[in-house]
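Below is one structure; the comments refer to it alone.
The values are calculated or read from the model by the stated rules, or taken from the named source; none is laboratory data. All values derive from a computational prediction rather than experimental measurement. Methodologically, a virtual Cβ is constructed for each residue, glycine included, from the backbone with ideal geometry; neighbour enumeration extends over all protein chains shown.
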Amino acid sequence: MSLLDRTRNLATLPKAEGRDWRQLAIAAGYGLVGAICLWLVLLVPVLVAWVADPRTSTSWTDTLSISGDAWVLAHRGHIGVTSAGAHSVVFAPLLLTALAVLLARYAATAMLAYLPDRRGSWWEGPTSYVVGYLFGGAAISLLAGFGPATPSVLSVVPGAVIVAVAGAGWALWHSEQPIAETAKDYVGQRLSLTTRRAVRPALEGVLGFLALGLVVVVALLALHLGDVRDLNSQLRPGLAGGVVLWLGQLSALPNVVLWAGSWLSGASVDLGVVSVGTSHVHGGVLPMVPVLGAVPSAGNLPVWTAVVPILPVALGAVIGWRSLAQLTTLASLKTKATTAMTASGLAAVLVLVLTWLSTAGVSGGSLAYVGPSLLVAPLLVVELLLGAVLSAVVLHWRRTR
């Protein structure tokens, strides 16, 4: 090839795309809007409660900071409270966190419709979106600091990143915009075939884990409904207070479901000084929250509760079975086992991330930690992997004999 031919070929190559800072700034603006939307949604019930309750002693400006505190808690940030001593509160009602992800997804979808397809630099827009979301979270945290509580701005960063990335990823996955197609092609080319096959069964496994936890919660509420009613009657919160109380408990329902699912793994659930294991409950004083009336009384639990860890193993088997449905009968046992283990491992990671988000605590008091013990991590991983491997071996034997 002559020098002239090479020059002509170079002339036909696409020119490198420079950064359009205006577009990136607008993408960050969408992230800022995604963060503010949740704050506005939380502001409405706070204002309604402030207007409806004649006993309130706070000013209307405090409602701005209170909704900001709720935003910080929804992203698992830390709130400093000094009215009853120096305490740090962390509690993320996961229903509010899910609402934050949903609103972040809507804002990210609008962003994708605006951004052009930048091919190799497709990630710049979503990254700017995450930065804008973090900036909005920092601003809301600073605004909340003018109220009676003092949020920690830095503590919001991990949760805000998770919410923003989840919202942007959700939008990219379901969008048909050119930039979204480029992103999906980029990720798909870098994920192994085994990992791509494992994603759907893993998500189904997470839903199965939540379903098991929900069954435990419903059973406990049915068995201790009288205790829940007694606690609610003793509180006498009034109409507005009762609505706020039950909305708060409803927003924390996913947290309780995750704790119940973690208990099935064999790990204890610590509610401050109270510890609920699979064979025994160590009693103590709990806050007067009606739903906590469903916690079993101190003492020994029925003998059959000691074998509940078999349920996560069965869930791992279901995950393995679902992952093998995408493979042919002639696939090797190694391929089947690897696919099943990848799916169950991914499901375990997702569940553990959600479990971390669900934990709560009040420093310097009896409720220093609320959530599953750290033993849940190795137990759940081993149980799901064991079930997946057993499922792969059994199904391979039945299909090839």
| Restricting the stretch 329-369 to residues that are among the small types (G, A, S) and assigned to a helix (DSSP H, G or I), which is modelled with the lowest pLDDT? | A337
| In the list A180, A202, A164, which residue meets the criterion of being modelled with pLDDT under 85 and touching a helix residue (DSSP H, G or I) at 6+ places or on another chain (Cβ under 9 Å)? | A180
| note | When (1) surrounded by 15 or more Cβ atoms within 10 Å (Cβ to Cβ); (2) in contact (Cβ under 8 Å) with a residue 60 or more places away in the chain; (3) of a type outside the set (V, I, T) are applied to A348, the one that fails is (2)
| query | Would you say Q177 is surrounded by fewer than 17 Cβ atoms within 10 Å (Cβ to Cβ) and either of a type outside the set (K, R) or touching a Leu at 6+ places or on another chain (Cβ under 9 Å) (or both)? | reply | no
| note | Log entry, pairs with first residue in the stretch 147-174 being on the phi < 0 side of the Ramachandran plot, second being of a type in the set (K, R), beta carbons closer than 6 Å, six or more apart or on different chains, reads G159/R76; G167/R105; W170/R105; A171/R105
| query | Could you say whether any residue in the stretch 115-138 is in contact with a helix residue (DSSP H, G or I) (Cβ under 9 Å, 6 or more places away or on another chain), touching a residue at least 40 places away in the same chain (Cβ under 8 Å), surrounded by 17 or more Cβ atoms within 10 Å (Cβ to Cβ) and closer than 14 Å to L42 by Cβ? | reply | yes
